[in-house]
Structure formats: structure tokens, C-alpha cells
Amino acid sequence: MKNKIKRHSVIELIEHWSIALSGIVLLFTGLGCLPLYKRYYITEIPGFAWTADFYNVTVVHYIASIVFVAGVIFHIFYHGLRKEFALLPKKGDLSQSIKVLAAMIGIGKEPPSDKYLPEQRIAYVGIGVVILILTVTGIIKILKNLQWIVLSPTVESINTLIHTLTGFLFMIAFIVHVGTVLLFKSNWPLLKSMLTGWIDEEYVKHRHSIWYEKIKMH
């Protein structure tokens, strides 16, 4: 495409949206498992009557978790085998992130960036840790339903508490992630690239100059 640079492959787009959409379903059904929807009349909304049934909500939660975990595992192995580690944090990312965020609200000049912004790399690891804890505690919650696995009430309660609290952390991270993309115009081209896979060359030259130089070298 003329004056466009390929930022994401089709595989990466499928990978991203399978994780994102299943993550949304997990958040929705996770809140439904508390339960909250009958209490706040969500079940009265047309199309949401099924959320009143704990069994239905749990089944959907399990199905979404399979898609989510499969997407995460694929992400790790796919990019790991291809030695694509551009999202891993680099030295100085914290200070650079502060400068980028300040520039978004008109304070100072934004420093040059690689393919990913410094705050994206920091967020990547942070969300990765949250997902790991959610996955482990979620698996334990499933295993406790098997007859031959017996957990003490204390262990079960602690595991449930950790899973719930981490779930809220994931929800906050998700809201912040979506919010920074939608609220700041400078991030809109990044959202578009997650839908099409392509990004304007001028945008890359201006905001991702380090990555742009690497592209031109190859």
C-alpha cells in the first residue's frame, strides 16, 4: 500500500482480537459470577436474561477462558520462536514513558520511539503478570471441582480472593488501555493499525522514528 507501512500481520491481528474479545467476555461473565447482574437488574435488559443463571454464566466464562489462554499461549510461542521481543521493556522506559504521557497532554516534546511506545512495553509486562496470576488461580478454581482434588477451605478462599482482585486489576488495565487509545488523538493511528494492519508512513516517521530508521535500513 502506498505511503503505508505494515505494522501487524493477519496472524497478529487475529491473535490480538481473540485475546481482547475473549478478555471482554471474561470480564463480563466474571462480574456475573459474583453475582451482580440480578441485583442491579442487568438481567432485565433484553438479551441478558441468561446472566441470571449462574451455570450459564460459568459455562460462557469457561469457554472464553479457553480462547483467552489459547491466544496467550500462541502469542508466547509464536513470537518467542520468531525471536520477536520488541514488546519487552528496555532500559529507560519508565522515564521515557513519563515524557510520552506528558507530551500527550501538551507538556514537553515526545521522545523518539521504536515500533512500540515505552509505556506499551511496561504495560505489556504488567498485564502479562496479571494474566499469569489469573490463569493459575483460574485453573485451581476449575480443578477444585474435580472429586479427586480436595482443597482446604482456607486455600480455596485465598485463591478465590486472589483471582477476584486480580480480575479487577485486569479490568482497570483494560479500561486504561482502551482509554488512552481513544482519548488521545496521537494514538488513533495505532488503533487503526490494529484493525487494518497498516499505518501511515508519515506517522511512523514522526512518532516512531527509531523503528522507521530500522525499516529503511532493511
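The values are calculated or read from the model by the stated rules, or taken from the named source; none is laboratory data. Worth saying up front: this structure is predicted, and the values here are computed from it rather than measured. Here the Cβ positions follow ideal geometry from the backbone for every residue, glycine too, while neighbour counts run over all protein chains shown.
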Being surrounded by fewer than 14 Cβ atoms within 10 Å (Cβ to Cβ), outside any helix (DSSP H, G or I) and either in contact with a helix residue (DSSP H, G or I) (Cβ under 7 Å, 6 or more places away or on another chain) or at negative phi (or both) is the filter here, so list the residues in region 41-66 that pass it. Ile45, Pro46
For region 113-160, which residues satisfy the criterion of being among the basic types (Lys, Arg) and touching a Lys or Arg at 6+ places or on another chain (Cβ under 7 Å)? Arg121
Over region 22-40, the set of residues part of a helix (DSSP H, G or I), farther than 14 Å from His177 by Cβ and of a type in the set (A, V, I, L, M, F, W, C) is Val25, Leu26, Phe28, Leu31
Can you pull out the residues in region 196-211 that are part of a helix (DSSP H, G or I) and either in contact (Cβ under 8 Å) with a residue 60 or more places away in the chain or of a type in the set (S, T, N, Q) (or both)? Thr196, Glu201, Glu202, Val204, Arg207, Ser209, Ile210, Trp211
For Gln96, the lone unmet condition from (1) more than 21 Å from the chain's Cα centre (by Cα); (2) part of a helix (DSSP H, G or I); (3) over 20 Å from Glu213 (Cα atoms); (4) free of Cβ contacts under 8 Å to residues at least 24 places away in the same chain is (3)
Identify, please: which residue in region 128-146 is in a helix (DSSP H, G or I) and of a type outside the set (Val, Ile, Thr) and is, among those, surrounded by the most Cβ atoms within 10 Å (Cβ to Cβ)? Leu134
Leu151 more than 30 Å from Gly197 (Cα to Cα), modelled with pLDDT under 95 and surrounded by 14 or more Cβ atoms within 10 Å (Cβ to Cβ): yes
Answer yes if at least one residue in region 1-20 is more than 21 Å from Lys192 (Cβ to Cβ) and surrounded by 13 or more Cβ atoms within 10 Å (Cβ to Cβ), and no otherwise. no
